[in-house]
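The block underneath contains the structure these notes are about, expressed in structure tokens.
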Ligand code: 0A1
Ligand code: ZN
């Protein structure tokens, strides 16, 4: 080991869940004094520290890039020999059981390109501390189980930074000499340091209020650049709806007198739930019809809710350590998903959520970065803000809610919140509260926290006409994942129904619990063979394989009364045809075309649901169905089927496209559904190859009074090579080049385009004057989108891989967190042919060979090679 360390860069240390130890010192109170300036900010911290337990270990305060300019204990300045630094942390031996520690450090926020700690964004100063950013601001035990009461004083130039915000309640404000001013904020709720936040800047406020269930009035503020104020109405409505929903559904009331949200342009993730002061990536706050699509509107609503819900699931009850991340994230995603479903369509929301889960989480779970929702180890915790922790974590909570039923689930969540309020809890605490409050044994179910990998379930139905019974045999396997070669059987709740094909009715929806490797269930009273509807509502996050025929699937696509199962039958119908074609068979597509026609002409169906079901599975999803992904064959087969569907159903597409043209913009569910269907119709119309297709798309692009239709038309044109393509891209660019969030769409649309020259186009866009590595949204819009464009990214030459690797290498020097999030697409090499696999591995090796590579990228790239 010593040898290895001397010849190669030191491998980042592995942190293990099993090594958890309670903190040696507690910090009941902290007072912070910030003298703010983008070039040089001074931070004075005063900590009350108390020894935790009987030990003689020194006080250890984490630090990352900090230099202590002064260290005092109980008012006395220490000599340099009385403290030392160890891996950035400040170590101070202390004799007594409680002391007052004071430190002084200086920061340079304007040169903080990592966007962790205190940084500058568009003239603002703001913070991001989760997971380990607080140690870049001041010396402190940077772990979530150290909870403190914060008092924060800020002073800054009043003209440049007229608004000074921090967690909790504002206490006082004062003018200072030399045009400066100060503000003091107090947060009465003890919190871990990852929830600390401050913002300073020239901000305007959308101010409103909310009266809580106990009659307290809370002042709400959404703070943005003055010019963006008109784009904050949807976020404010979402906030008030979320507050009311959490009271109604979970009995949870907001607890401070103020709740502030700030939008910033440069942000690594989506948003952050800092206590009483949520900080958002501006793309999840700002929305108006001119610039935001319906997906953007829904994103704003969902993320505002998510961060607000964290006030209970995350802040009042926080995590003991970062291995418990899914405790707050899985639960909070589950909560925001249900909120959004209540605000719109349950059916469509479930379909969207499952599509996201399959696209992001199933891929993760089947590759080298697979991990359980409660991981056992990590090198860099930022790499664990994953689809597994968030989305699979939410599915695990959803299964518990299903098994318990609404009432007992609520009893469990009440017990959890009451029992752990003000504490740093574990996933086990949550499960135990559900078990007790909900009166259920979750013994075997706990394996969902322990085992990675998406379970496969084979469901075979056999009919016995003599006994008039059917037997359903279920068999489960959980695939091997890194570090977990052998798996135990899971407890899998499968909502199931058996349909009588003669009547189109089923005999009741049952929850079957699959707990053994193989299990059979017998149902009687079936003279004729029924059709199986299984995993209805996607009751478990598993892959189900059945022996249903295309005729069975077509039947379900027309009759299943569970909307998810109906959608799923349609998708499976399409998958079967496409997978056959990809394998070179001349599979009959008649059932698909009939099913789409029937769906389009069924007047009882919600247009948004129709739009979801008639969509062909994505190229990536088709790849997931194959052992070895063939991106070119997938593209060709899907493209051909799309053209055929477009041509065969042409009158319907034209009719729908004409009929769904709205008069004036509205954000109602009905209006959103109409736009979704209209865009789907346009898509097929153009895909058919009809001569007037590009002109119709260009017409929609030009006439639209909203971004949903404009961007959809642009995206459709971008897939082709018509003159309208270039014209529309130019018009879009000229119209929006000054608006960063909208210009992101211009980059993204081209990066997503199913166009033979996509790689060259993305390469050129990387050199465009409006491209910058400094803004994570811009990076994701170009390279993140491109890496999700299977056909383009996996170009047989490997040039797509090189392009993304170049970006990772350059970005790692500025912003390792965002760079690391681009690595996973390169790690899926085992699923591709030898040629592509070698090219992908070569790029991973090239990345790893870079001197001074971050811990973030090192972890992702080295695990990806294994
Ligand atoms: N807790 C946040 C996610 C988040 C995590 C890390 C961040 O730092 C870069 C930012 C946000 C959430 O779940 O919304
Ligand atoms: Zn969250």
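Before moving on, here are some points about what is shown:
- Within region 284-299, the set of residues being surrounded by fewer than 24 Cβ atoms within 10 Å (Cβ to Cβ) and within 16 Å of ligand 2 (Cβ to nearest atom) comprises 299 only.
- Residue 611 in a helix (DSSP H, G or I) and exposed (fewer than 15 other Cβ atoms within 10 Å of the Cβ): no
- Residue in region 106-114 that is surrounded by 19 or more Cβ atoms within 10 Å (Cβ to Cβ), free of Cβ contacts under 8 Å to residues at least 60 places away in the same chain and touching a strand residue (DSSP E or B) at 6+ places or on another chain (Cβ under 9 Å) present: yes
- Residue check, residue 441 without any contact (Cβ under 8 Å) to a residue 40 or more places away in the chain, surrounded by fewer than 20 Cβ atoms within 10 Å (Cβ to Cβ), within 23 Å of residue 496 (Cα to Cα) and not assigned by TED's automatic domain parsing to the domain that holds residue 491: yes
- Qualifying residue in region 831-841 (condition: outside any helix (DSSP H, G or I), over 20 Å from residue 265 (Cα atoms) and in contact (Cβ under 8 Å) with a residue 40 or more places away in the chain): yes
- When residues of region 122-162 are limited to those that are assigned to a strand (DSSP E or B) and within 22 Å of residue 818 (Cα to Cα), the one nearest to ligand 2 (Cβ to nearest atom): 128
- Here residue 350 fits the description: in a helix (DSSP H, G or I), in contact (Cβ under 8 Å) with a residue 60 or more places away in the chain and away from ligand 2 (no atom under 14 Å from the Cβ).
- Residue 457 vs. criteria surrounded by 19 or more Cβ atoms within 10 Å (Cβ to Cβ), part of a helix (DSSP H, G or I) and either modelled with pLDDT of 95 or more or not assigned by TED's automatic domain parsing to the domain that holds residue 398 (or both): no
- Scanning region 759-774 for residues that are touching a helix residue (DSSP H, G or I) at 6+ places or on another chain (Cβ under 7 Å) and in contact (Cβ under 8 Å) with a residue 40 or more places away in the chain turns up 759, 762, 763, 766, 773.
- Filter pass, residue 90 being touching a strand residue (DSSP E or B) at 6+ places or on another chain (Cβ under 7 Å), in contact (Cβ under 8 Å) with a residue 24 or more places away in the chain and assigned to a loop (DSSP other than H, G, I, E, B): no
- Note on region 279-321: among residues that are over 20 Å from residue 206 (Cβ atoms) and assigned to a helix (DSSP H, G or I), the one that is farthest from ligand 1 (Cβ to nearest atom) is 294.
- Every residue from region 325-345 that is touching a residue at least 40 places away in the same chain (Cβ under 8 Å) and either over 22 Å from residue 418 (Cα atoms) or more than 13 Å from ligand 1 (Cβ to nearest atom) (or both): 337, 338, 339, 340, 342, 343, 344, 345
- Residues of region 353-373 that turn out to be in a loop (DSSP other than H, G, I, E, B) and within 16 Å of ligand 1 (Cβ to nearest atom), as a count: 1
- Any chance residue 498 is more than 30 Å from residue 376 (Cβ to Cβ), touching a strand residue (DSSP E or B) at 6+ places or on another chain (Cβ under 9 Å) and either buried (at least 21 other Cβ atoms within 10 Å of the Cβ) or not assigned by TED's automatic domain parsing to the domain that holds residue 542 (or both): yes
- Some residue of region 542-555 being modelled with pLDDT under 95 and exposed (fewer than 14 other Cβ atoms within 10 Å of the Cβ): yes
- For region 4-45, the set of residues classified as over 26 Å from residue 323 (Cα atoms), at pLDDT 95 or above and part of a loop (DSSP other than H, G, I, E, B) consists of 36, 37, 38, 39, 40, listed by residue number.
The values are calculated or read from the model by the stated rules, or taken from the named source; none is laboratory data. None of these values were measured; they are calculated from a predicted model. Methodologically, a virtual Cβ is constructed for each residue, glycine included, from the backbone with ideal geometry; neighbour enumeration extends over all protein chains shown.
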